[in-house]
1. So what's the convex hull volume per residue for the Cα atoms of the range 371-434, in Å³?
2. Take every DSSP beta bridge whose two residues both sit in the chain, then give the antiparallel share in percent to the nearest 5.
3. Hey, any idea what Rg/Rh is for the range 210-363, computing Rh the Kirkwood way over Cα pairs?
4. Give me the orientation-averaged projected area of the Cα convex hull of the range 75-173, in nm², one decimal.
5. Take the alpha-carbon centre of the range 283-307, take the same for the range 148-168, and report the distance between them in whole Å.
6. Placing +1 at every Lys and Arg Cβ and -1 at every Asp and Glu Cβ, with all other atoms neutral, what dipole size does the chain have around its Cα centre, in debye to the nearest 20?
7. For the residue pair ASP55 and ASP117, what label-to-label distance in nm results when each label sits 7 Å from Cα along the Cα-to-beta-carbon direction?
8. How do 389-396, 189-196, 163-170 rank on mean C-beta neighbours within 10 Å, highest first?
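What follows draws every value from the coordinates through simple rules; no lab data is involved. Bear in mind the structure is a predicted one, so any value in this text is a computation, not a measurement. Counting neighbours? That spans all protein chains shown, and the Cβs are built from the backbone with ideal geometry, glycine included.
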Amino acid sequence: MALEKMRGRRISVGEKAVVVGAGRSGLAAARLLNREGARVHLLDSNADAFSSRQDLARELGQLGIVIELGPHSSAQFENAAFVVPSPGMPVARLAGLVDEERTEILAEMELAWRYLDNEPVLAITGTSGKTTTASLAAAMLHEQGYAVFLGGNIGTPLSEYVLSGRKADVLVLEISSFQLQTCTTFCPRVGILLNITPNHLDYHKDMEEYTEAKFRLFRCQDEGDLAVLGENLRDQADKHGLKARQVYINAADRFPKSSLIGSHNRINEEAAWQACRFFGVSEENAARAVARFAPLAHRLERVREHNGVLYVNDSKCTTVSSLKVALEAFDRPVRLLCGGKFKGGDLAGLADLLKSKVCEVALFGASREYFEKAWQGIVPMTWHPALEPAIKHLTAGAHAGDVILMAPATSSFDLYANYEERGKDFKRIVGKLL
C-alpha cells in the first residue's frame, strides 16, 4: 500500500510500531499501540532510562512491549508501519534510520487523534502564551458546564485520554511545533495560533520551517471550523491559504476582574474567549472564569511583596521575545534577574526597553558573556555564580515600589533540571528573606 494512501489510518493487528523516547508521551503511545494489537518496540537512547523504573520495565515486558536502550540503528526501524518520535526529538535525526517510503512518522498527538470518538478539539499553539490560553479556555468551558479534558503538551498526553475510556464534551489541547511537524490528519474544530517569534532554532532548521510547523494546525480545517490568530499573523495566514473562518485578535480589556499581569495576557484572554464562543460559552461565564483564574506557576507569578518590593517569578521566560513581554507588563521600576543556557535572540534589540523599565540587572549562572556584550553601558549589571546571591544583591539595593523580576530569557539547564525547578528555587529563596 502506498504511504500516502495509508495516512490517517489506524495500526493493524500484528504490525510493527516503534516509539522513540520513554517519557510520558512515549509510554502513553506505546500502551495505546499495544492495546490495538501492534508489535511495539520502545526505544530510548539513554541506556539508564529504566534504571530507576524496573517495575515499569517489567510491566511493559509483560504486555509484550520490547524495550531497546542505547544508540539507535536502522535495524530497529526495519518493517515498521508507524514510528512515533518523542516530542523533543528532531525529525531530522530519523533521516537514514527510517524508510520514509514505507513507514509513517507521526506525533503521539496524531496517533491518539485517530482513536478519538469525534470529540471536538480546541487546540492552541504559539511561541508563548499556549499554556495560559489553554488553561483559560478550559476554565471558560467548564464554567459553561462542559466536561473538559485539558492536555497535550500541557501535561497529560492525548493517548492517556484515549486509554482512560472517559468522554469529554470538548478536548482542549496545547500543541507544540515539534508535535505539529509530524501531524498529518489532526484537525481541531477551533485552532488558536497566538504568535510566532524566533524559538527552538536548535530543533528546527530555520524560521521558515518553524513557521510552517505552526501553521500545520490549520491545514486540515474547512469552512465550518474556526481559526483564531494574532493580528500580526494576517499576512502569514494569507500565504498559507487557511480555509477556516478566521478571527484576528489584539489585547482587549474585556475582563476587568482578571488577576493576570500584562497586555499579553489580555491577548490570551481574548483568544480563549473567541475560541470558546464557538462552543456556545456566554461572555458572562467567560468573565466568571477569568475572575477566578489564578496565574499559573512560573509565568509572571506574584510570589511575595516584602518591604514594598514585589517579587515575580517568570522562570518560564526562556527566550528573548518572552523577556520583552515580561518587561512590558510592568509600570514600576524593575530589577531584573537573567541568566542560564542562552538559546539565541536579539538581546541588543531590547536596549530601549531596558533604559525605560530596568534600573539594574543581576546575571546568574551561564551566558553572562551574551548579556554583557549586548547590555554593557545600557544598564548597571553584576554577575553571580548562582541565583541566591543574585537575589540578595538586588534585594539590598531595592526600594519600595520596585519589582524584582526573574525573567531569565534562557533555558535552565546550566543550574537546574528544568524551568520549574528554577522557579521553585526562586520562590524558596524569596520566601526566607527577612
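1. Working: hull volume 6.9 nm³, N = 64.
In the range 371-434, the Cα hull volume divided by residue count equals 107 Å³.
2. Values: 6 of 61 bridges.
That works out to approximately 10 percent antiparallel.
3. Values: Rg = 18.1 Å, Rh = 17.9 Å.
Reported Rg/Rh (Cα atoms, Kirkwood Rh): 1.01.
4. Values: hull surface 30.1 nm².
Seen from a random direction, the Cα hull of the range 75-173 projects 7.5 nm² on average.
5. 24
6. Numbers: 51 positive and 53 negative charges, 154 e Å.
Computed about the Cα centre, the dipole is about 740 debye.
7. 3.1
8. 189-196, 389-396, 163-170
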